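The values are calculated or read from the model by the stated rules, or taken from the named source; none is laboratory data. Please read these numbers as outputs of a predicted model, since none were measured by experiment. FYI the Cβ positions are ideal-geometry reconstructions off the backbone, even for glycines, and counts take in every protein chain you see.
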Amino acid sequence: MNFVTAGCLAGEDAASIAANLKYHVDYKPLFYPLKFESKQAYYAAAQSVRDHLVKRWNETFVHFQKQHPKHIHYLSMEFLQGRALTNAIGNMGLTDSYAQALKKLGHDLEKVAIQEPDAALGNGGLGRLASCFLDSLATLNYPAWGYGLRYKYGLFRQQITNEGQQEWPESWLEAGNPWEIPRFDVWYPIKFFGRVISSKSGKKKWVGGEDIRAVAYDLPIPGYKTKNTISLRLWSTTVAAEDFDLVSFNAGEHDKAGRAIYSAERICNILYPGDATPEGKLLRLKQQYTLCSASIQDMIARFKERSGSGFSWSKFSSKVAIQMNDTHPTLCVPELMRILVDIEGLAWEEAWKITQATVAYTNHTVLPEALEKWPLDLMQKLLPRHIEIIHRIDEEFIKTLITSGIDKGEIEKKILSMRVFENVALPESVKSSVPHQHGKDDDEFNPAPELVRMANLCVIAGHKVNGVAAIHSEIVKDEVFNDFYKLWPEKFQNKTNGVTPRRWMRFCNPELSKVITKYLGSEEWVAKTDQLARLKDMVDNKELIKDWAAAKRACKSKLAAYIKEQTGLVISPDSLFDTQASGFIVKRIHEYKRQLLNILGCIYRYKKMKEMSPKERKAKYVNRVTLFGGKAFATYWNAKRIVKLITDVGNTVNKDPDIGDLMKVIIVPDYNVSVAEILIPGSELSEQISTAGMEASGTSNMKFSMNGAVLIGTLDGANVEIREEVGEDNFFLFGAFAHEVANLRKERAEGKFEPDPRFIEAMDFIKSGAFGGYDYTPLLSTLEGNSGFGQGDYFLVGKDFPDYIECQEKVDEAYRDKERWTKMSIMNVAGSPKFSSDRTIHEYANEIWGIKPLPVP
Ligand SMILES: *Cc1c(COP(=O)(O)O)cnc(C)c1O
């Protein structure tokens, strides 16, 4: 083997890749040199693949810098990337070469790939959406950057014991991250605290305070079957070397000497640190500002470099677009204004025009109580100049409202609900135009807190505001931001979410992909999902049905083997695999996903089975495995009680000799992207059972449907559109509709309803101790009487229960007819083209960002 050439970037054939792998093992050792096991093979493979990535990534960067197209910059506090190896070689078309090369060296690609820890820099849907978008942006050759933070610890690792959930720190960077490129040449200063001084000319300057640095770490993101490879740039925080306090250190005051460093570094310790304390809130604000400030400085630096002698601020918004993924990056707005006005010397009006034309905002929640608000005093302390800027934005907006023709009797109410600040006195300049002012709470002993409403700032500053599914975008217009919609109807859009068919079909489900490719005649569908619709015409083809069922069964066997390995439980691949898996239960508002409805359904079913003779049981029910995946926020007790209840039910049911394979209830531990990649292809029924009107979109519903699982769900989020696409016969619908929810809640809060006897039966069964002695009263009381938000059964679990269990009976009936079920599965995949993130990204590109594809030749 020639190590000189092997060390250089190898060719793309198996022999050169094997030589290159050997080079990385021998010359860039990360481990004890005499061992060459799967772990070592993974790190060698990652370094070798990275060489290929870097080549494409450099070419893409150079091409974009020269051509100077308009770029989109996607800002997100979360990116849930998952593993990189399989995805990278798959997108670059190098899977076979790497598999053969590893085989030559005595390794198996699949075993090597699972050595990689998940990059879990997110909680769930919102972060995974950002990662799917990057895959589509690269694949469709759009000039794009992702921006986020490089958290040292990912989401915690979840262990399930008899006590329910236990959390352990997840140290994903412990063995280094071979996919990242530390860019010590790319860093920006970030300031906190300090004060604002004015020069004689009125120019403002922010001085003093704490100065840190944000350093870039780049992750190359390869497109599928294209050279284009874009960047996810993650910021890490530190201080300049000269800020290390050498004098104190030598005087033995070691803690004091390291204080500045620790203060900077802890910004990137974890995602969403607890914010119950003022210190916690401050840390979160520091995170948000770091992301916004570093990213904007970076965009401006590159814009200037690309523009060269043609530089002009008037061209900025035709070259730079910024998308704010939810309100976490709202500080982009005052930060861009500050740089344009204070540093670049632009007039306010011009700067505002540029800012508005540049930023757009994606809303992810319909729950008013979930919209971010920050205490004004805290923001004032941390970002004094930004608060001045926000005051001016607020003032100008109020003036706009006053002259917008809103009825005089209405104007005060509108101003108070739409302006950026809450409970803050109106600016002097507008007081005379507003008849009565009840803006400020005048209870001097218990004043209402002064707050900054981040979502209002986003809507006021952004040129576009979008929801993430059709029904959600309607709710955004009609309820959440109705006043803004009436003022600026042209700002509001819908962009139904999507997921990448590369990771979520082609790579995680090779079994089904092979069948699809066989019947469609080529693999084109992986990039052009529209082709999948052709499966509709083949749904009666007996051969296809047979191949399809066999592929599904192979995925189920894989999942069963994984569950055995993780939990020791043995499940039969002949059972119906019924799954509810989704992100994080963070607070009360996240109970809308209603894992509780699912487990109550299991409990009722179990009770009925126990009351029947073995013959009756077998006649009424099909064998079913109910699987759960998801984590509960460590200090959110009700969520942890739900996990405990599922554990208890599983411990009872799974061991019951009367029941056997008729019913199993299992939590698949430590749900994350890699677990989802096994769980989703192996599932046949997907529980998408949120309270109608509460799930903005959901994306796991799309992943399940495109892997041939049939949905049982409410008319909520993207379920509505999935049902339209796959056909109502191929979707199990139940539950109250979104427009009925408000009335139903009222009725139930006032006690004007008859509880369903089956619901009472399930509740009483838990209380009887059938699943152990744990006290479930605090959890069950949220479903009865007045509790939680002060309204019993806020999430309508009791209300939808009877409809849900009746719908589950229809599922049993349908599953008995294997051919019918397989056709439903095929129709789900055939109806999934719309849910490719490629479609979503094309829409954003054309209707919000105004960017064009630019393939690297
Ligand atoms: C897709 C995905 C989610 C989102 O699930 P929803 O049910 O849509 O909320 C959460 N976590 C992981 C790991 C995912 O892959």
- Item | Tabulated pairs, the stretch 757-786, first over 24 Å from K655 (Cβ atoms), second part of a helix (DSSP H, G or I) and among the aliphatic types (A, V, I, L, M), C-beta under 6 angstrom, 6+ apart or interchain | L783/V797
- Message: Return the residues of the stretch 138-153 that are touching a helix residue (DSSP H, G or I) at 6+ places or on another chain (Cβ under 8 Å) and polar (S, T, N, Q); say none if nothing qualifies.
- Response: T139
- Message: Can you tell me which residue is modelled with the lowest pLDDT among those in the stretch 122-162 that are away from the ligand (no atom under 16 Å from the Cβ) and aliphatic (A, V, I, L, M)?
- Response: I160
- Only unsatisfied item for Y519, checking (1) aromatic (F, W, Y); (2) within 21 Å of I722 (Cα to Cα); (3) part of a helix (DSSP H, G or I), is (2)
- Is it true that K640 is within 16 Å of the ligand (Cβ to nearest atom) and closer than 30 Å to Q81 by Cα? no
- Note on the structure: Taking the stretch 657-705 and keeping only residues that are touching a residue at least 40 places away in the same chain (Cβ under 8 Å), more than 12 Å from the ligand (Cβ to nearest atom), part of a loop (DSSP other than H, G, I, E, B) and not aliphatic (A, V, I, L, M), one is left with D658, P669, P681, G682, S683, E684, T691, G693
- Note on the structure: Exactly one of V359, V333 is among the β-branched types (V, I, T) and over 24 Å from G194 (Cβ atoms), and that residue is V359
- Message: For the stretch 525-533, check the following and say yes or no: at least one residue is part of a loop (DSSP other than H, G, I, E, B), basic (K, R) and either out of contact with any Lys or Arg (no Cβ under 7 Å at 6 or more places or on another chain) or more than 30 Å from I354 (Cα to Cα) (or both).
- Response: yes
- Query: Counting just the residues of the stretch 470-503 that are free of Cβ contacts under 8 Å to residues at least 24 places away in the same chain and among the hydroxyl-bearing types (S, T, Y), which one comes out nearest to S837 (Cα to Cα)?
  - Reply: S473
- Kindly indicate the residue of the stretch 716-734 that is within 16 Å of the ligand (Cβ to nearest atom) and part of a loop (DSSP other than H, G, I, E, B) and also surrounded by the most Cβ atoms within 10 Å (Cβ to Cβ) among those meeting that condition. G717
- Query: Does the stretch 304-314 contain at least one residue that is assigned to a helix (DSSP H, G or I) and under 26 Å from L376 (Cβ atoms)?
  - Reply: no
- Within the stretch 260-281, can you find the residues that are buried (at least 19 other Cβ atoms within 10 Å of the Cβ) and part of a helix (DSSP H, G or I)? A264, I267, C268
- Message: For a quick check of your reading: which helices (runs of 4 or more DSSP H) sit entirely within the stretch 41-120 and have at least 2 residues that are within 16 Å of the ligand (Cβ to nearest atom) and either modelled with pLDDT under 95 or out of contact with any Pro (no Cβ under 7 Å at 6 or more places or on another chain) (or both)?
- Response: 85-92
- Task: Looking only at the stretch 818-840, decide whether some residue is on the phi > 0 side of the Ramachandran plot, surrounded by 21 or more Cβ atoms within 10 Å (Cβ to Cβ), touching a Ser or Thr at 6+ places or on another chain (Cβ under 6 Å) and not in a helix (DSSP H, G or I).
- Result: no
- Task: Please work out if N141 is assigned to a helix (DSSP H, G or I), of a type in the set (S, T, N, Q) and crowded, with 18+ Cβ neighbours inside 10 Å.
- Result: no
- Message: Quick check on E747: is it acidic (D, E), more than 16 Å from the ligand (Cβ to nearest atom) and free of Cβ contacts under 8 Å to residues at least 12 places away in the same chain?
- Response: yes
- Message: Residues to consider are K227, K191; find the one that is part of a loop (DSSP other than H, G, I, E, B), of a type in the set (D, E, K, R) and surrounded by 14 or more Cβ atoms within 10 Å (Cβ to Cβ).
- Response: K227
- Consider K615 carefully, then state whether it is within 13 Å of the ligand (Cβ to nearest atom) and either modelled with pLDDT under 95 or closer than 18 Å to G660 by Cβ (or both). no
- Query: Which numbered condition trips up M763, out of (1) of a type in the set (A, V, I, L, M); (2) within 16 Å of the ligand (Cβ to nearest atom); (3) over 27 Å from T365 (Cβ atoms)?
  - Reply: (2)
- Query: When only residues in the stretch 454-470 that are of a type outside the set (A, V, I, L, M) and farther than 19 Å from L331 by Cβ count, which is nearest to the chain's Cα centre (by Cα)?
  - Reply: G467
- Any residue in the stretch 566-581 that's without any contact (Cβ under 8 Å) to a residue 24 or more places away in the chain: show its pairings with residues that are more than 16 Å from the ligand (Cβ to nearest atom) and outside any strand (DSSP E or B) at Cβ separation under 8 Å, as long as the two are six or more apart or on different chains. V570/A560; V570/K564; P573/R553; P573/K556; P573/S557; P573/A560
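Condition check ((1) without any contact (Cβ under 8 Å) to a residue 24 or more places away in the chain; (2) surrounded by 18 or more Cβ atoms within 10 Å (Cβ to Cβ)) across all residues:
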residue: A294; (1), (2): no, yes
residue: K304; (1), (2): yes, no
residue: S307; (1), (2): no, no
residue: P329; (1), (2): no, yes
- When only residues in the stretch 841-854 that are in contact with a Lys or Arg (Cβ under 7 Å, 6 or more places away or on another chain) and closer than 20 Å to P501 by Cβ count, which is surrounded by the fewest Cβ atoms within 10 Å (Cβ to Cβ)? E843
- Message: For the stretch 393-408, which positions are among the hydrophobic types (A, V, I, L, M, F, W, C) and either in contact with a Gly (Cβ under 6 Å, 6 or more places away or on another chain) or more than 19 Å from E349 (Cα to Cα) (or both)?
- Response: I406
- Matching residues in the stretch 282-303 - criterion: being under 15 Å from Y147 (Cα atoms) and either aromatic (F, W, Y) or part of a loop (DSSP other than H, G, I, E, B) (or both): Y289
- Message: Condition first: over 31 Å from the mean Cα position of the chain (by Cα) and over 12 Å from M827 (Cβ atoms). Now tell me which residues in the stretch 533-543 satisfy that.
- Response: N541, K542, E543
- Note on the structure: Wholly inside the stretch 542-653, helices (runs of 4 or more DSSP H) that include 1 or more residues that are of a type in the set (D, E) and crowded, with 21+ Cβ neighbours inside 10 Å are 637-653
- For Y621, are the conditions met, namely being at pLDDT below 95 and aromatic (F, W, Y)? no
